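Encoded as structure tokens, the structure appears first; notes follow it.
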Amino acid sequence: MSTLYQAMPLWVLLISLVTAVAVFIAGEKWQRLRTAFNLSGAVLKLVLVAIMLWGVDLGHTFVVHLPLLPGLNLVLQADALALLFMSLSAVLWLVTTVYAIAYLERAPDRARFFGFFSLCVTATMGIAMAGNLFTFFVFYELLTLATWPLVIHRGTDKVMVAGRTYLHYTLGGGAVFLLGIVLLYHLAGPTDFVAGGELLHLGEDHAGALTAIFVLLIIGVGVKAAIVPLHGWLPTAMVAPAPVSALLHAVAVVKAGAFGIVRVVHDVYGVELVQQLHLGTALAVVASITIIYGSLRAIWQTDLKRRLAFSTVSQVSYVALGVAMGSPLATIGGLVHLVHQGLMKITLFFCAGAYAETYGIHAIRELDGIGRRMPWTTAMFTLGAFGMIGVPPLAGFISKWYLGLGAVDAHQYWVIPVLLGSTVLNAIYFLPLLHRAWFRPLAITDKDRGEAHPGLLWPTVFTGLSAMGVGLLAAFAWSPLGWVELIVVREYGL
Amino acid sequence: MNALLALLPLLPGVLAILALAGRIAARGVTVGVLVTALLAILVAALNPGPLELPWLLLDTTLATDATGAPLLVAAALLWVAAATSARSLFAGDGGALFASCFLFTFAGNLGVLIAQDVAAFYLFFAVMTFAAYGLVIHDRTREAVRAGRIYLVLAVAGECLLLSGFFLLAAEAGNPVAADMDRVYADLERAGLVGGLFLAGFAVKMGLIPVHVWLPLAHPTAPVPASAVLSGIIVKGGLLGWLRFLPEAEPALAAAGDTLAAVGLASAFLAALVGCFQKRAKTVLAYSTISQMGLLAVPVGLLIAGRGEAPVLLAVIAVFATHHALAKGALFLAMDHIKAGGRAMAMVMVLPALAIAGAPVTSGLVAKAAVKSAVPDPLPLLITFTSVTTTLLLARFLVLAWPSGAKNAGAIARVAIAAWLLVIAAGQLLPWTLAGPAGRAYAFQAGALWDAVWPLALGIGGAVLAARMLRPWRVLPEGDIVVPVERGVIGAYAAAVRAATALSARRPALPQDIPWRQLAGRLLPHREPDIPWVGVQMLVLVLLLSVIYLLAG
């Protein structure tokens, strides 16, 4: 294998970075050029990620070491877990770019928007491929800084306040995370991410210190993963434009946090040590509280995007729950939800954006009868909602199925009522919405503008059908489920 | 050949999407249902081997089985009859949506009849359940929306019971197929719990007491063709769930099986009695369905508990289920036909009504005789007693449904009448054919005939007597126990809201009077563009970074 091939992680990272720079340079004037840069970057990255998927499946290793300071390396690597997140990010970046181009058709400051958009994806890629905690941290902070201009894109007073809340939470979380890293380096020296972790030998003597560090690290990533009570920023950040919300909720910020939890549990501490320190159950309890709390809050939201935001708070903790239970089956459920939640939630946000753009619908009560005007968008919204409830054959069903099996497998029977409770609560806040959209008489009196703009509709249809496809074809080897099974087999050494 | 199995749910599923987009007209929907129904009958006749699709969902297996095949024929006939009389509902405002829901329910229903593995069954069951909501609330009246809401509440509760059962089952056995169920349960750690969850979960669809309340609400508000398929064939989804995902004669489930039989018998009596005190014909029919499904639960419970021979009980269940599907479907469909056709139609309607009551020569005779022949004493006598209450109930139905005078305006399509007559005819023939020579001979024994006649006579006598004595006729609310439960829930919610409001009103206003907040406000200026605060945080990060550097170096 040539060095160039081995350094694939670097090329993937650079593509997004170069795209970002190119978009900034192209500026506001050359719109065609900018769009061309954007789309070709996204497509090229998709190709490279596909090549890497194929390579990792064959057992190739991709590692790049960049010495930053003596003893402190930036390590980029692509294992199966990294590729799970990268594939999601690469696919949804392309889709969201198409959507965003249509969404912001006449809006000002598009160059700034798309530049930071690409930068945000660069950071996501870096987080996915980070090979140690330090690298992870660097890109984690970059992500915070790159998403802030997107959140405050519209620049009104309300938006600036929301942006400030966002910064307070995420930068604070970053600082706690860094403290955790420093303490861990002090205790164990710099270690790379390794399946099963390398800290087991310290478990006996330093149980207290390891527990404290674990809590710090989880708080650090938990802010972005919106674990209760660190979730406050997420519903506030709903003021961002729809494509940003979609990306924030499906791939970038929230998922980065969830992915961080996976890395900390699996590749820093290792499942065995986490169970030995009784941290698994603690994390599972926190995740369960988040799942129920988020769903409960969602019920009383009257704004569509806010309801979806609280739904995200709830759903993302499925990932933490699955990872925390320490059973291979539960881990499958948690990891596959990383992708599944992304597909379903991005569909829901695309729909929310399409409603807002086409008929100016923001409040839930304005949705009455919209299914007549926008049947395809509403059909996709229906798919996303049923997926969130966990109805087969949608993606959410597969996640919930494996989480449930894992709960039985790990003898954590109390998790089953949590999953069922979440199902019921999801039904309570999604089904009335579907009833409104399909069965109520039309509320809006505007003239009939028909379906959403094709640039908004087609990405939605794509992600909506994908959310069904990954569930329907779950048993297929290259489905997200098939890939996650590969990860878990490698992780647990089965 | 077995690829035809996949077409059964797929074809109506695709049509449903096209219907939603408004791409097919009302006639197209009917033709689509007809074509699919012919395919279904073909599949039932050919009885092809199982179709295994390992790449689909979690390894899907589709196949017909002893109960699925006759119900497939019944479903095909009933759905065609429903589709032909629902022609006007597919057109006009909201017609596309109704057509789509109708077709999705059809797809889910056919899928349930042929899905053999847990995940695929759950998939079709869910499609059927949620799509049927669109049928229930089609009229959009306040009443229909309430019925739909209660339907959904119970449906979701049922789904949750099933899901927890599936979790426990699949954690040990993966995604098993129905044929392996006996072996799977023998190795299962908590066989009793899993079985109990399935029994309860599917009981919601079957409408056993006390989870029957959705039926008497949903049936009168749904359009007639929708009620016909709901009561005739959709409720049978619960039956198939029981048969496929519970073992035969499993000792761990003996108590659960006996309980099911007991609850079934209680439902049979209670529902019939409550149904007599209803004022709408369709509600009475809904109670009749609850009662008959209770009766059907008796042999299922015995099968699970291991009392009686499994092959005999299975055959009996198939005969009874087919008989009820077609007879009850025909009765519901008659509600539209007598509006247009008057007395002539009503005369025809008496036949399926007599069949439900188990009158001699009708399909009800062979169905009830079959059940009685397969169950141990004293159940045959008790089942004979249910014929009395059933006769009372159907007498009430006929009184309510009988056309009072001249025909109403509005013609009914000739093809709809033909399809309806076909359902009635098949409803009489199919159970007799299924029963086999032994079953037919048993039904025509003098004892069996006598057992069919005297309850009927007693029931009719009782009805006449009651009509004289009980004046004015008292009326119970539709859905009986749902009324106090609903009031209780609404009251409790209102009380909780009041309590929460009172609490928050009493709480002192927080924000301003906390000292540290003021202090923080002074120390950290929260004003645009807010650079200082961000700067401080960045500085902390940089300092920490250098600490790392020192430690690592």
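The values are calculated or read from the model by the stated rules, or taken from the named source; none is laboratory data. Bear in mind the structure is a predicted one, so any value in this text is a computation, not a measurement. Every residue, glycine as well, gets a Cβ built from its backbone with ideal geometry; the counts of neighbours run over all protein chains shown. Please note that ligands, DNA and RNA were not included when accessible areas were found on the heavy atoms of the full protein model with its side chains. Shrake-Rupley method; radii C 1.70, N 1.55, O 1.52, S 1.80 Å.
Quick notes on this one:
- Taking first residues from region A:385-412 that are at the interface with chain B (Cβ under 8 Å from one of its Cβ atoms) and under 21 Å from residue A:309 (Cβ atoms) and partners that are of a type in the set (Lys, Arg) and assigned to a helix (DSSP H, G or I), the Cβ contacts under 7 Å between residues at least 6 apart in sequence or on separate chains come to A:390/A:400.
- Within region B:197-212, the set of residues being open to solvent by less than 10 Å² (accessible area, probe 1.4 Å), of a type in the set (A, V, I, L, M) and not in a helix (DSSP H, G or I) comprises just one member, B:208.
- Within the option set B:417, B:338, being within 26 Å of residue B:429 (Cβ to Cβ), open to solvent by less than 20 Å² (accessible area, probe 1.4 Å) and at pLDDT 85 or above holds for one residue only, B:338.
- For the criterion of being within 12 Å of another protein chain (Cβ to nearest Cβ), more than 23 Å from the chain's Cα centre (by Cα) and either acidic (Asp, Glu) or over 19 Å from residue A:84 (Cα atoms) (or both), residue A:441 passes.
- Residues in region A:413-425 that are open to solvent by 10 Å² or more (accessible area, probe 1.4 Å), within 10 Å of another protein chain (Cβ to nearest Cβ) and part of a helix (DSSP H, G or I): A:416, A:417, A:420, A:421, A:423, A:424.
- Selection of region A:70-118 for residues being at pLDDT 90 or above, under 30 Å from residue A:29 (Cβ atoms), of a type outside the set (A, V, I, L, M, F, W, C) and open to solvent by 10 Å² or more (accessible area, probe 1.4 Å) yields only A:103.
- Per-region count, region B:132-154, residues open to solvent by 10 Å² or more (accessible area, probe 1.4 Å) and either part of a helix (DSSP H, G or I) or closer than 17 Å to residue B:212 by Cα (or both): 10
- Test for residue A:482: is it under 14 Å from residue B:56 (Cα atoms) and either more than 14 Å from every other protein chain (Cβ to nearest Cβ) or out of contact with any helix residue (DSSP H, G or I) (no Cβ under 6 Å at 6 or more places or on another chain) (or both): yes
- Here residue A:156 passes the criteria (1) within 14 Å of chain B (Cβ to nearest Cβ); (2) at pLDDT 90 or above except the one numbered (2).
- Flag if residue A:170 is under 25 Å from residue A:493 (Cβ atoms), assigned to a helix (DSSP H, G or I) and open to solvent by less than 20 Å² (accessible area, probe 1.4 Å): no
- Residue match in region B:223-238 (condition: assigned to a loop (DSSP other than H, G, I, E, B), under 24 Å from residue B:122 (Cα atoms) and out of contact with any strand residue (DSSP E or B) (no Cβ under 8 Å at 6 or more places or on another chain)): yes
- Summed over region A:64-102, the residues that are farther than 26 Å from residue A:195 by Cβ and within 14 Å of another protein chain (Cβ to nearest Cβ) give a count of 2.
- Residue match in region B:37-53 (condition: in contact with an Asp or Glu (Cβ under 9 Å, 6 or more places away or on another chain) and either more than 22 Å from residue B:419 (Cα to Cα) or open to solvent by less than 10 Å² (accessible area, probe 1.4 Å) (or both)): yes
- Among the conditions (1) open to solvent by less than 30 Å² (accessible area, probe 1.4 Å); (2) under 19 Å from the mean Cα position of the chain (by Cα), the only one that residue B:94 does not satisfy is (2).
- The one condition in (1) surrounded by fewer than 24 Cβ atoms within 10 Å (Cβ to Cβ); (2) touching a helix residue (DSSP H, G or I) at 6+ places or on another chain (Cβ under 8 Å) that residue A:312 fails to fulfil: (1)
- Which numbered condition residue B:99 misses (of (1) over 20 Å from residue A:387 (Cβ atoms); (2) open to solvent by 20 Å² or more (accessible area, probe 1.4 Å)): (2)
- Meets criteria (assigned to a helix (DSSP H, G or I), under 21 Å from residue B:368 (Cβ atoms) and open to solvent by less than 10 Å² (accessible area, probe 1.4 Å)) for residue B:270: no
- The requirement of being open to solvent by 20 Å² or more (accessible area, probe 1.4 Å), out of contact with any Cys (no Cβ under 9 Å at 6 or more places or on another chain), within 11 Å of chain B (Cβ to nearest Cβ) and part of a helix (DSSP H, G or I) is satisfied by residue A:428.
- Any chance residue A:460 is surrounded by 24 or more Cβ atoms within 10 Å (Cβ to Cβ), more than 9 Å from chain B (Cβ to nearest Cβ) and polar (S, T, N, Q): yes
- Just so you know, in region A:182-195 the residues that are within 23 Å of residue A:489 (Cα to Cα) and open to solvent by less than 40 Å² (accessible area, probe 1.4 Å) include one that is farthest from the other protein chains (Cβ to nearest Cβ), and it is A:193.
- The set of residues from region B:188-206 being over 14 Å from residue A:416 (Cβ atoms) and at pLDDT below 90 comprises B:188, B:189.
- Elements of type helices (runs of 4 or more DSSP H) in region A:273-381, at least 3 residues being farther than 25 Å from residue A:443 by Cα, within 14 Å of chain B (Cβ to nearest Cβ) and of a type in the set (A, V, I, L, M): A:328-359
- Criterion violated by residue A:158 - all others in (1) over 20 Å from the mean Cα position of the chain (by Cα); (2) farther than 20 Å from residue A:243 by Cα satisfied: (2)
- The residue list A:179, A:145 contains one member that is at pLDDT 90 or above, open to solvent by 10 Å² or more (accessible area, probe 1.4 Å) and within 11 Å of chain B (Cβ to nearest Cβ), which is A:179.
Conditions tested, residue by residue: (1) assigned to a helix (DSSP H, G or I); (2) assigned by TED's automatic domain parsing to the domain that holds residue B:416; (3) without any contact (Cβ under 8 Å) to a residue 40 or more places away in the chain; (4) of a type outside the set (Ser, Thr, Tyr).
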| position | (1), (2), (3), (4) |
| --- | --- |
| B:16 | yes, no, no, yes |
| B:24 | no, no, no, yes |
| B:41 | yes, no, yes, yes |
| B:48 | no, no, no, yes |
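- Looking only at residues in region A:48-59 that are more than 17 Å from residue A:122 (Cβ to Cβ) and among the aliphatic types (A, V, I, L, M), the one that is surrounded by the most Cβ atoms within 10 Å (Cβ to Cβ) is A:56.
- Pick from region A:469-494, criterion in contact with a Leu (Cβ under 6 Å, 6 or more places away or on another chain) and without any contact (Cβ under 8 Å) to a residue 12 or more places away in the chain, ranking: least open to solvent (accessible area, probe 1.4 Å): A:479
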